[in-house]
Structure formats: C-alpha cells, structure tokens
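The block underneath contains the structure these notes are about, expressed in structure tokens.
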Amino acid sequence: MDHKERRILIKKIINDQRVRTQEQLLTLLKENGVAATQATISRDLRALSIAKVNDGEGRPYYSQLTEVEAPQIDRRLDETIQNTVVSIVTVQFMNVIKTIPNSNYATILAGLFDDSGMSEIVGTLAGNDTLIVISPTADQAKQVYQLVIDQLNQPAK
C-alpha cells in the first residue's frame, strides 16, 4: 500500500472512531493489513492536518482539522498567534515560541506556519506547547519574530 492509500485509510479510521494514541492507530492500521512505523504515522497525521483535540470531558483524541484556503490560512495564522502564543525568543536562525501550556496549540500553529508558504520559514518542529520555527538566516528569523510580535500587539479577535 502506498502513502496515498494509507492516508485515505487513516482518515477513514480517524473519522469512524475516537483514536486516542498513535499506538492505537498503528494497531488499527495493522488490523487492516498496513504495517507502518510511528514516525511514518506522525508524518501522515501532520500531512492530513490531524491533531489531538479534547472531548467534552478533557480526554484527547485525533481529529482532522478543517482544511482552509490560502487567504484563510493567513487569517487563521494571525488569530492563532494572537490567541495562543505566550512568548517568543529568537536564537540565531530559529524562533522558539511558547503557547498556552498543555494545549497542543504548538502543533496547530506549526501547521499554519508550514502552510503559509513564507520564504522566511524552512520548517517547524512542534511539541505540546513549544514550537521551533527554523529560518534560512538570522535576518529572516528576525522577520518571523517581528510578525509574531506584531500579532501579539494586536487586540485579540
């Protein structure tokens, strides 16, 4: 099975049931005849805009985020920065961004930065509440820093 077929199956599994962990997803894939590694599944989840969200009782599960068009990405990026970023620090050609603790907003924000197509961003790495935005140069990292600071100085929407 190629990656396209695997991703279709992942979307179906995520939409049909509440999958709470990558291990559970790996097991469900294996039951459907698909052998994959955790790293592969992580890439697939990211590519499909699938992130953990909380149900009404605070239990996390995977859900596919709504796909948005390019102009909406910019608006969502601005709003997500305004509503979730706690702090930002530039270290050479990288920005370390802290979001609301224990929220998974860093992963969502990473996806929005990646989808933005900004030439100032080579890639992102995200954890639960910390995001690293990697730029080609220190000057471009400063531009990303300024973008975030400008949004933090805007009134929240």
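Please note which helices (runs of 4 or more DSSP H) are completely contained in the range 1-66 and include at least 1 residues that are over 27 Å from residue 129 (Cβ atoms) and in contact with a Leu (Cβ under 9 Å, 6 or more places away or on another chain). Step through it out loud before you land on a result.
Working: elements: 3-16, 22-31, 38-47.
Counting at least 1 such residues, we get 3-16, 22-31.
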Please determine, by comparing only the residues of the range 81-109 that are touching a residue at least 24 places away in the same chain (Cβ under 8 Å) and of a type in the set (Gly, Ala, Ser), which one is farthest from residue 132 (Cα to Cα).
103
So, residue 77, is that one surrounded by 15 or more Cβ atoms within 10 Å (Cβ to Cβ), part of a helix (DSSP H, G or I), out of contact with any Cys (no Cβ under 6 Å at 6 or more places or on another chain) and at pLDDT 85 or above or not?
no
Residue ID - modelled with the lowest pLDDT, chosen from residues in the range 45-74 that are loosely packed, with under 15 Cβ neighbours inside 10 Å and within 13 Å of the chain's Cα centre (by Cα):
67
Residue count, the range 23-55, condition in contact with a strand residue (DSSP E or B) (Cβ under 9 Å, 6 or more places away or on another chain) and hydroxyl-bearing (Ser, Thr, Tyr), comes to 1
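The values are calculated or read from the model by the stated rules, or taken from the named source; none is laboratory data. Since the model is a prediction, treat every value here as computed from it, not as a measurement. Neighbour counts run over all protein chains shown; Cβ positions are idealised from the backbone, glycine included.
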